[in-house]
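Here the structure comes first, spelled out in structure tokens, and everything after it is commentary.
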Amino acid sequence: MLDVIYKRRSIRKYQNKPVEKEKITEVLRCAMHAPSAMNKQPWEFVVCDKREVLDEIQKIHPYSQMLKTAPCCIVVAGNLITQYAEGSYIQDCAAAVENLLLGATSVGLGTCWLGIYPDKQRQEAFRELFNMPKDMMPFCAIAIGYPDEEKYSPDRFDSKKVHFNRW
Ligand SMILES: Cc1cc2nc3c(=O)[nH]c(=O)nc-3n(C[C@H](O)[C@H](O)[C@H](O)COP(=O)(O)O)c2cc1C
């Protein structure tokens, strides 16, 4: 488990190879295993593996160039009806996304988190592109596929950011 945490990096170059449906299901299972406020699980996922949709995303997201090579992208949205309290979908979806990234690393896939929240214009653009009902709030998108680059594992531990008992 620790290996997977330290191995995960943002991958922005992908092999020209589709991701097996079973692996997509497995990483979504990892996502949905995340903790959520009052166990409301207010997350929804749109799996996009059509080239034309991946190209459309690049028109509405300025930092999504890796989708030129990624064979798949998963859009994560928060459900405003089922979330526990106003805005709690954000923490719940973030927990689910990190689980998904780690699960993907574990099965040999690379990922890159593409921020949508808190940019309201971007949230609306994704909602429109994917025809989402108004109670679904796009949170982020995740490029996913077999990596075509290797990245080192930095040690980001910083003792100055750790405080004991009081600040
Ligand atoms: C909320 C959030 C939004 C991000 N948005 C983007 C993005 O739009 N495009 C991108 O290429 N990377 C994006 N990233 C990835 C970060 O750039 C990356 O995680 C960070 O540079 C650390 O590198 P690492 O993931 O390789 O450890 C995002 C990450 C987070 C957590």
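Numbers at a glance
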read-out: Checking ILE81 against (1) among the aliphatic types (A, V, I, L, M); (2) closer than 13 Å to PRO42 by Cβ; (3) within 13 Å of the ligand (Cβ to nearest atom); (4) outside any strand (DSSP E or B), the condition it does not meet; value: (3)
read-out: Pairs where the first residue, in the range 58-80, is in contact (Cβ under 8 Å) with a residue 12 or more places away in the chain and the second is part of a loop (DSSP other than H, G, I, E, B) and within 11 Å of the ligand (Cβ to nearest atom), C-beta under 6 Å, 6+ apart; value: MET66/ARG12
read-out: Any hit, the range 113-129, residues being within 14 Å of the ligand (Cβ to nearest atom), in a strand (DSSP E or B), buried (at least 16 other Cβ atoms within 10 Å of the Cβ) and small (Gly, Ala, Ser); value: no
read-out: Extreme residue, nearest to the ligand (Cβ to nearest atom), among residues of the range 130-167 that are in contact (Cβ under 8 Å) with a residue 24 or more places away in the chain and among the β-branched types (Val, Ile, Thr); value: ILE142
read-out: Members of the range 27-41 that are under 15 Å from the mean Cα position of the chain (by Cα) and within 18 Å of VAL75 (Cβ to Cβ); value: VAL27, LEU28, ARG29, CYS30, ALA31, MET32, ALA34
read-out: Subset of the range 28-67 (residues that are touching a Leu at 6+ places or on another chain (Cβ under 9 Å), assigned to a loop (DSSP other than H, G, I, E, B) and either at positive phi or within 16 Å of the ligand (Cβ to nearest atom) (or both)); value: ALA34, HIS61, TYR63, SER64
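Values quoted throughout were computed directly from the atomic coordinates according to the rules given, and no laboratory measurement underlies them. Computed from a predicted model, the values in this text were never measured in an experiment. Neighbour counts are summed over all protein chains in view; Cβ atoms, including those assigned to glycine, are modelled from backbone coordinates with ideal geometry.
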